[in-house]
1. Could you identify the single residue in THR37, THR33 that is touching a residue at least 12 places away in the same chain (Cβ under 8 Å), surrounded by 12 or more Cβ atoms within 10 Å (Cβ to Cβ), β-branched (Val, Ile, Thr) and assigned to a loop (DSSP other than H, G, I, E, B)?
2. If I filter the stretch 42-67 down to residues being among the polar types (S, T, N, Q) and in a strand (DSSP E or B), which single residue comes out as farthest from VAL8 (Cα to Cα)?
3. For the structure I just gave you, tell me whether ARG248 is among the charged types (D, E, K, R), under 26 Å from LYS99 (Cα atoms), assigned to a helix (DSSP H, G or I) and modelled with pLDDT under 95.
4. Any residue in the stretch 99-119 that's assigned by TED's automatic domain parsing to the domain that holds VAL131 and farther than 15 Å from TYR236 by Cβ: show its pairings with residues that are of a type in the set (D, E, K, R) and surrounded by 22 or more Cβ atoms within 10 Å (Cβ to Cβ) at Cβ separation under 7 Å, as long as the two are six or more apart or on different chains.
5. Where in the stretch 136-244 are there helices (runs of 4 or more DSSP H), lying wholly inside it, with at least 3 residues that are surrounded by fewer than 23 Cβ atoms within 10 Å (Cβ to Cβ) and touching a residue at least 40 places away in the same chain (Cβ under 8 Å)?
6. Every residue in the stretch 165-187 that is of a type in the set (Gly, Ala, Ser) and within 18 Å of THR254 (Cα to Cα), please.
7. Any idea which of SER276, SER174 is of a type in the set (Ser, Thr, Tyr) and not assigned by TED's automatic domain parsing to the domain that holds LEU14?
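The values are calculated or read from the model by the stated rules, or taken from the named source; none is laboratory data. Because the structure is predicted, anything quoted here is derived from the model rather than measured. Neighbour counts are summed over all protein chains in view; Cβ atoms, including those assigned to glycine, are modelled from backbone coordinates with ideal geometry.
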Amino acid sequence: MSGEIRAVREEIGLDLGATLTKAVVVDVGAPLTDFQTFLFPSDDRTAIATFLGRHANPILSATGAGARRLAKQFTGSLPVVIADEFAAWGLGEELLLQKADFSPSYPHLLVSLGTGTSILRIDEARRVTRVGGTGLGGGTMRGFGRLLLDEPDHDILASLAAQGDRRRVDLLVSDLYGAGEISLQGDLTAANLGHVTSRDPRDLAHAIVGLIGENVGLLAGALARVNGGPPLEIVYAGATLRANAALRDVLSFTSSIVGATARFLPFGEYVGAVGSILAARTARG
């Protein structure tokens with residue numbers, strides 16, 4: 001009937017990034033760890049609107065670059081709580097750690113590998129500070145994939161990379177120095193894409209992932225040691241890691257070079273979406 005107030009049955013959190021929109025849905029009253037997950041291209045506004053249209057009168061929260069655009073789209077019909085992106089990541093990490101097989105020490109770094117990369121420091125009081133970042137990330141992976149392989153699809157590139165060998169594309173220390181001639185490991189990269197002896201798409205995809213992972217890992221590793229003491233633990237998350245075993249391997253190896261421990265957050269691509277729900281709950285009191 002007209003004017004009927006529909007009961008709120010669900011909470012929906014969205015993280016609207018430059019490339020992907022990540023969504024989580026949880027029933028009102030259920031533990032937030034019992035969420036459903038959804039992914040959409042961020043430029044497909046019809047798909048996002050269709051998704052939201054399937055959920056009757058939800059409590060809706062959003063974070064990320066497209067959050068305010070979404071709020072404007074639904075002004076007057078579906079109120080949207082906007083959550084600060086970095087605060088949402090901190091809140092989401094705390095909850096998703098309940099699904100992890102590790103518990104990081106505090107302070108530690110939380111590295112968000114999205115279209116680009118942000119590096120956050122989480123301290124003992126769960127305060128979140130952005131301490132660095134880089135334009136390298138999933139956007140770089142898709143851009144190089146399109147330029148070198150005519151293939152921008154994340155899942156295909158990640159699958160190719162897992163089968164490749166970037167030693168046939170990158171210039172290694174061992175290509176320049178014999179054993180014992182320099183105090184560096186021979187399998188370290190001297191120049192990304194600096195020794196292209198293979199044009200196999202699998203090797204090129206692995207080299208692309210290596211370029212991103214090494215540079216993100218080295219930057220995070222340097223920031224993990226910025227105070228001069230033992231390196232902080234590094235927790236990696238973000239949609240660029242989705243189904244990307246090769247990138248995880250590169251990040252783990254590169255972090256270990258500087259003495260840091262790399263961790264990977266379960267459901268890490270949804271950390272912002274989960275955190276936006278928690279931020280909205282806090283705002284409601």
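1. THR33
2. Per the criteria, the residue is THR63.
3. The answer is no for ARG248.
4. Listed pairs, sorted by first residue: none to list.
5. 138-149, 154-163, 201-224
6. Once the filter is applied, which keeps residues that are of a type in the set (Gly, Ala, Ser) and within 18 Å of THR254 (Cα to Cα), the stretch 165-187 yields SER174, SER183, GLY186.
7. SER174
Quick grid of which residues meet (1) modelled with pLDDT under 90; (2) crowded, with 21+ Cβ neighbours inside 10 Å; (3) among the charged types (D, E, K, R):
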| position | (1), (2), (3) |
| --- | --- |
| ALA23 | no, yes, no |
| LEU70 | yes, yes, no |
| PHE74 | yes, no, no |
| PHE86 | no, no, no |
| LEU91 | no, yes, no |
| SER118 | no, no, no |
